[in-house]
Amino acid sequence: MKKLFILAALLCAPALYAAQQYTCCSYEETPKYGLQTNTTRVEFYGGVALPEEDWSENGQTLQLGDTGFSAGIAFVRNLLPWLTLGLDGNYAGLSNGDDLTTANGDTVNFRSGIATAMVAGRVYLFPSSMTRLYGTAGIGAGYMYAKEKNATADSSETYDSTDVAWMLGAGLEFDIDETVVFGAEGRYNWVGLRSDMKDRFGKDDYGYWTIMLKLGVKF
């Protein structure tokens, strides 16, 4: 009888070993959430753009644009779990501002847009968690235009400028699964004004806010 037990144990040993290996590998294949070093993401943004302030011309309020939309794309690389660096492109399209009466009695309004391309970084809190907070900053180039439409003369003229741009912001994101990230981000954006824009409006810069949702995919 003892020999039968020994023989049965020897026959079962390979099966027990295989089961143990399967359990180990299955554990290691548990989905990994959070951020890891040397991973890359592409992110798509969409939301609203809010001009920071109006200007004054001939005692009247001059609006280069009213609340509009913002859309963008970013490529993000994790240098460390809590630190990223990447490229960010964004466009903000502002809706028509209120009508303005010029010194010669013409009625005009403006519609503006701003495109930016930046190198941007982030610093994360709770990088290993499924839900994370972060601060972000970026610097690069910004292009802004303002189309002035003259309703009285039925004509239009476009002013534009390319100069330095930067942004500061904060965001919240969470993992939907191992590869998909969803979140929200708010930014303050600044772009310098030169050339036609500076000559027409007498201003050196323009500020606006963006509040956007984002969807990202990890690689």
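The values are calculated or read from the model by the stated rules, or taken from the named source; none is laboratory data. Given the structure is predicted, the values throughout are model-derived calculations rather than measurements. Here Cβ is always computed from backbone atoms with ideal geometry, including for glycine, and neighbour counts include all displayed protein chains. These area figures cover heavy atoms from the full protein model, side chains too; ligands, DNA and RNA do not enter into them. Shrake-Rupley method; radii C 1.70, N 1.55, O 1.52, S 1.80 Å.
The angle separating the long axis of helix 2-28 from the principal Cα axis of greatest extent in the chain is about 10 degrees.
Could you check how many percent of all C-alpha pairs in region 78-219 are farther apart than 21 Å? Don't jump to the answer; show the numbers that get you there.
Details: 5186 of 10011 pairs.
Across region 78-219, Cα pairs with separations above 21 Å total 52 percent.
Of all the options Glu185, Glu43, Glu157, the one that moves most in a Gaussian network model of the chain with Cα springs shorter than 10 angstrom is Glu157.
What is the sum of charges around Ala120, taking Lys and Arg as +1, Asp and Glu as -1, for the other residues whose C-beta is under 14 Å from the C-beta of Ala120?
Numbers: positive: Arg41, Arg77, Arg122, Arg187, Lys214; negative: Glu43, Asp88, Glu185.
Once all neighbours under 14 Å are counted, the net charge is +2.
For Ala170, the amide hydrogen comes within under 5 Å of the amide hydrogens of Thr136, Gly186, counting only partners 5 or more places away or on other chains and with H modelled in the peptide plane. Taking a Cβ cut-off of under 11 Å around Leu172, the surrounding Lys, Arg, Asp and Glu residues balance to a net charge of 0, with basic ones at +1 and acidic ones at -1. Using the Cβ of Glu185 as centre and a radius below 14 Å, the other residues enclosed give a net charge of +2, where K and R count +1 and D and E count -1. The Cα trace of region 49-137 gives Rg and Dmax of 19.3, 62 Å, the first to one decimal, the second as a whole number. When you work out D = kT/(6 pi eta Rh) for region 176-219 at 20 °C and 1.002 mPa s, using the Kirkwood radius from C-alpha pairs as Rh and the Stokes-Einstein form, the result is 162 µm²/s.
Among the lysines in the chain, how many pairs, 8 or more places apart or on different chains, have alpha carbons under 19 Å apart?
4
Comparing Ser112, Ser128, Ser56 in a Gaussian network model of the chain, where Cα atoms under 10 Å apart are tied by springs, the biggest mean-square fluctuation is seen for Ser56.
Over the chain, what percent of the accessible surface lies on carbon and sulfur atoms, probe 1.4 Å?
On the way: 7700 of 12290 Å².
Roughly 63 percent of what the probe reaches on the chain is carbon or sulfur.
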